[in-house]
Structures are given as structure tokens and as C-alpha cells.
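Engineer: One structure follows; several queries about it will come next.
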């Protein structure tokens, strides 16, 4: 029996190709020339936020009526890939402020909250951070200890958050705190202005990678917010966080595709120029083997990422596919960066060339927004129906 289907088309539309070219040119102009210096001084130029907003990158997927620039999840993946190629620290700024904070406000926020926060976030006039991880709760986010106590029409929030991207730069923090009993149903989400009395932050320095990105410890000491800044229903905070992280994993995966692609492009160019024993090292089969492995795994990671994005865009279940994409793409980026260092040899070990930084930056992607081991547990649970937690 012959079964005919509509077929599968991985070709980008003309509009998508134009957008990818716009993103590529912007990254080549605004990011690539400065990435090494930002890494050395442990500080991305703060002006990058406004420039990201001006070009519309911080408003992708947000309704135009609230200051966004529209676009679907695949376009967002194309942007994340280019930013990841240029500097994953910059990619992280966008992934968190837009992907985790602004999109959560769009999905769960009241009209008042949308009008207050989204235009500034989309324009790059303000920045958001995602306050979930704590010193004692990383993968086990349902056990977070920060508390919010009701006091009339206000909530008083106390607790500490750790490893918070954009933490020292953010104007608003999406903070998750316990308002009820133990477990996920006792958690509520709040939009907390970072200039609130009792809100303190300290930048985390000395990181292995993502050195240009502002990463912080947040300390909330009796921070008072009105109930109108509660995001979503009371007790829905864990659901809000996990919904954001499902799509966030697609964003991380797309960024890692870009990081791996950047390593491959750098390694191919260097292998064609570097000569040993009288000929370019690109002519040696073992070097070609490393390049081939990098190319195959980069393309495979991209296709897994696009599949998850397509499912999410069509409103279908995509959580398992997002975990698969995040697991494969992050591990592939570490492997690609490591192989690129090998191709560069001793020169790969100094920051005059980009691949050493790429290796350091790639390593953390297997840890945040769900470690590789957590992704395997999620995939295993989907396959077996048995909860391993």
C-alpha cells in the first residue's frame, strides 16, 4: 500500500531568511567584535540592552499592542542561534528578560501588568530577571524556601535567590515565593520592582564562563508588594515557572546550536589556513573526522530544536521534545567547542581566538534551566509513565 503525505519542508521562507540575515549582520556588527573584551573584563556593555530593544529583538513574540514586534517561535530560534554564535552572554540577556519574564507577563499577566511592564521590556528601557533558583534549591525548585506573607492588600516577601541572570541589571524581578504549604501548589509568582525597599543584590564574579553576563544573588528582606503585582492566581507560581522553562529550554537549545555553529565555522577556517608537514591540517582525515562530527551534531541539534518550536507554535504538547532538544544541543555544544579547541591546538587555549571562551560558555548550558540529568529524567518519565522524582 502506498501512503502519500504532504511531506516535510525545512526550507525557511523569504521573510525568515531576511530576518536571519538581519540578525546575523547585527550580531557581526554589535557583538562579535567585542565578545572577547567583554569576557576579559567580566562585563557586557550595558548599552547592548537598548540596542537590542531598538532593533526589535527584545519584543519578539510579544503582541504589538503592548510594544512587541511579533514573530513566531521559529523566528525567535533563528535569533537565539545568531546571538549564541556571537556571544552566549548576550543570548542569555534576551532569553531571560524576554523569554522567561516578558512572555510570562504576556501569558499570565493582567492588562494592567502588561501595560506597565511590557513596553519597557520590549524597548530595552528596562530589563527583567527570573527569581526561581535558591542557594539550597536548584533542580528541586518545588522545595524553594522564599516566603511571601499576606498583609492586607500587600505581600511581604523574604528570601534569597542565587545565580540569577540579569540580576544586578534588572528593573523587575519575577520572584517565586511560598505562600502556602510545602510542594509546588504552595508557590506564587510576583513581579517585584528591584528598587523596592529591602531588595538587595550582589553580583557573582569569578565564573568559569558567561563572564560578561550579569549574574547575581538576590536578597529580599521584607520586600512589600501590592497584590496587584501577583502574577497569575495564588498557588500557580510553580506552573508559571515550569511553563516558562519549557519554552526556555527551546531558547537555550537554539543558542547552543549557534555556539556549536560558531565553533565549527572557526575550526573549518583555521584548519584551512594552518599548515603542518607541508599541507593544511584540513587535509588530514582525523581533523576532517572532528569537523564532520561537529557538523552532524550541530544540524541534528537544530532539527530537534525546530521540531520542539514547531510543536509549541501549533499548540501541541512539546515538553518532552523541548527536553530532548535542550539535552542534545547543550551537550553537542560542549563537544563542538572541545573539538574546536583540539583543531586549534595550543592557540585554542588563549583568548586571542574564540573557541576557548566558547568551551567555557558552553559548559554551563548543561546545568541551568534543568541539568542534563533532569532532562533525562523528564524524557524517561514521558517514556515509562513512572515519575523518578
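The values are calculated or read from the model by the stated rules, or taken from the named source; none is laboratory data. Fair warning: this is a prediction, and the values are worked out from it, not measured in the lab. Neighbour counts are summed over all protein chains in view; Cβ atoms, including those assigned to glycine, are modelled from backbone coordinates with ideal geometry.
Engineer: Name the residues in the range 59-72 that are buried (at least 22 other Cβ atoms within 10 Å of the Cβ) and either in the same structural domain as residue 312 (by TED's automatic domain parsing) or within 22 Å of residue 307 (Cβ to Cβ) (or both), would you?
Structural biologist: 60
Engineer: For the range 90-108, does any single residue satisfy the condition of being in contact with a strand residue (DSSP E or B) (Cβ under 8 Å, 6 or more places away or on another chain), part of a loop (DSSP other than H, G, I, E, B) and either under 15 Å from residue 243 (Cα atoms) or modelled with pLDDT of 95 or more (or both)?
Structural biologist: No, every residue in the range 90-108 fails to be in contact with a strand residue (DSSP E or B) (Cβ under 8 Å, 6 or more places away or on another chain), part of a loop (DSSP other than H, G, I, E, B) and either under 15 Å from residue 243 (Cα atoms) or modelled with pLDDT of 95 or more (or both).
For (1) farther than 16 Å from residue 368 by Cβ; (2) within 19 Å of the chain's Cα centre (by Cα); (3) part of a strand (DSSP E or B), each residue gets a yes or a no:
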residue	(1), (2), (3)
116	yes, no, no
121	yes, yes, no
139	no, yes, no
155	yes, no, yes
175	yes, yes, yes
188	yes, no, yes
200	yes, no, yes
210	no, yes, no
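Engineer: Return the residue satisfying two criteria in turn: it lies in the range 95-118 and is surrounded by fewer than 24 Cβ atoms within 10 Å (Cβ to Cβ) and without any contact (Cβ under 8 Å) to a residue 60 or more places away in the chain, and of such residues it is nearest to residue 25 (Cα to Cα).
Structural biologist: Looking at residues that are surrounded by fewer than 24 Cβ atoms within 10 Å (Cβ to Cβ) and without any contact (Cβ under 8 Å) to a residue 60 or more places away in the chain, I get 106.
Engineer: Right, next: Could you please let me know if residue 44 is assigned to a loop (DSSP other than H, G, I, E, B), surrounded by 24 or more Cβ atoms within 10 Å (Cβ to Cβ) and touching a helix residue (DSSP H, G or I) at 6+ places or on another chain (Cβ under 8 Å)? So that I can check it myself, show each step before the final result.
Structural biologist: On the way: assigned to a loop (DSSP other than H, G, I, E, B): yes; surrounded by 24 or more Cβ atoms within 10 Å (Cβ to Cβ): yes; touching a helix residue (DSSP H, G or I) at 6+ places or on another chain (Cβ under 8 Å): yes.
Taking the combined requirement at face value, the residue satisfies it.
Engineer: While we're looking at this one, here's another question. Which of the residues that make up the range 311-351 are within 23 Å of residue 376 (Cα to Cα) and part of a loop (DSSP other than H, G, I, E, B)?
Structural biologist: 316, 317, 318, listed by residue number.
Engineer: Just wondering, is there one or more residues in the range 73-87 that are in contact with a strand residue (DSSP E or B) (Cβ under 9 Å, 6 or more places away or on another chain), more than 21 Å from residue 357 (Cβ to Cβ), touching a residue at least 40 places away in the same chain (Cβ under 8 Å) and outside any helix (DSSP H, G or I)?
Structural biologist: Checked against the condition, which is being in contact with a strand residue (DSSP E or B) (Cβ under 9 Å, 6 or more places away or on another chain), more than 21 Å from residue 357 (Cβ to Cβ), touching a residue at least 40 places away in the same chain (Cβ under 8 Å) and outside any helix (DSSP H, G or I), the range 73-87 yields no hits at all.
Engineer: Here's a follow-up. What tally of residues in the range 265-285 results from selecting those that are in a helix (DSSP H, G or I) and surrounded by fewer than 24 Cβ atoms within 10 Å (Cβ to Cβ)? Don't jump to the end; show me each part of the working.
Structural biologist: Of the residues in the range 265-285, the ones in a helix (DSSP H, G or I) are 265-273, 281-283, 285.
Checking the rest, the ones that are also surrounded by fewer than 24 Cβ atoms within 10 Å (Cβ to Cβ) come to 265-266, 268-273, 281-283, 285.
Total meeting the criteria: 12.
Engineer: Look through 142, 123, 75 and report the one residue that is assigned by TED's automatic domain parsing to the domain that holds residue 170 and either surrounded by fewer than 23 Cβ atoms within 10 Å (Cβ to Cβ) or within 21 Å of residue 21 (Cα to Cα) (or both).
Structural biologist: Exactly one residue qualifies, and that residue is 142.
Engineer: In contact with a helix residue (DSSP H, G or I) (Cβ under 8 Å, 6 or more places away or on another chain) and assigned by TED's automatic domain parsing to the domain that holds residue 294: does that describe residue 243? Let's see the steps before the verdict.
Structural biologist: Details: in contact with a helix residue (DSSP H, G or I) (Cβ under 8 Å, 6 or more places away or on another chain): yes; assigned by TED's automatic domain parsing to the domain that holds residue 294: yes.
When the stated conditions are applied, residue 243 passes them.
Engineer: In the range 285-334, how many are over 17 Å from residue 243 (Cβ atoms) and touching a residue at least 60 places away in the same chain (Cβ under 8 Å)?
Structural biologist: The qualifying residues number 10.
Engineer: Let me ask another. Quick one: residue 213 ticks every box in (1) surrounded by fewer than 23 Cβ atoms within 10 Å (Cβ to Cβ); (2) over 20 Å from residue 137 (Cα atoms) except a single one, so which number is it?
Structural biologist: (1)
Engineer: Right, next: On the given criteria, is residue 32 buried (at least 22 other Cβ atoms within 10 Å of the Cβ), farther than 19 Å from residue 121 by Cβ and either out of contact with any strand residue (DSSP E or B) (no Cβ under 6 Å at 6 or more places or on another chain) or in the same structural domain as residue 362 (by TED's automatic domain parsing) (or both)? Before the answer, list the steps.
Structural biologist: Numbers: buried (at least 22 other Cβ atoms within 10 Å of the Cβ): no; farther than 19 Å from residue 121 by Cβ: yes; either out of contact with any strand residue (DSSP E or B) (no Cβ under 6 Å at 6 or more places or on another chain) or in the same structural domain as residue 362 (by TED's automatic domain parsing) (or both): yes.
Here the answer is no, as residue 32 does not meet what is asked.
Engineer: Given 190, 176, which one is assigned by TED's automatic domain parsing to the domain that holds residue 148, touching a residue at least 60 places away in the same chain (Cβ under 8 Å), in contact with a strand residue (DSSP E or B) (Cβ under 9 Å, 6 or more places away or on another chain) and crowded, with 21+ Cβ neighbours inside 10 Å?
Structural biologist: Within the list 190, 176, the selection yields 176.
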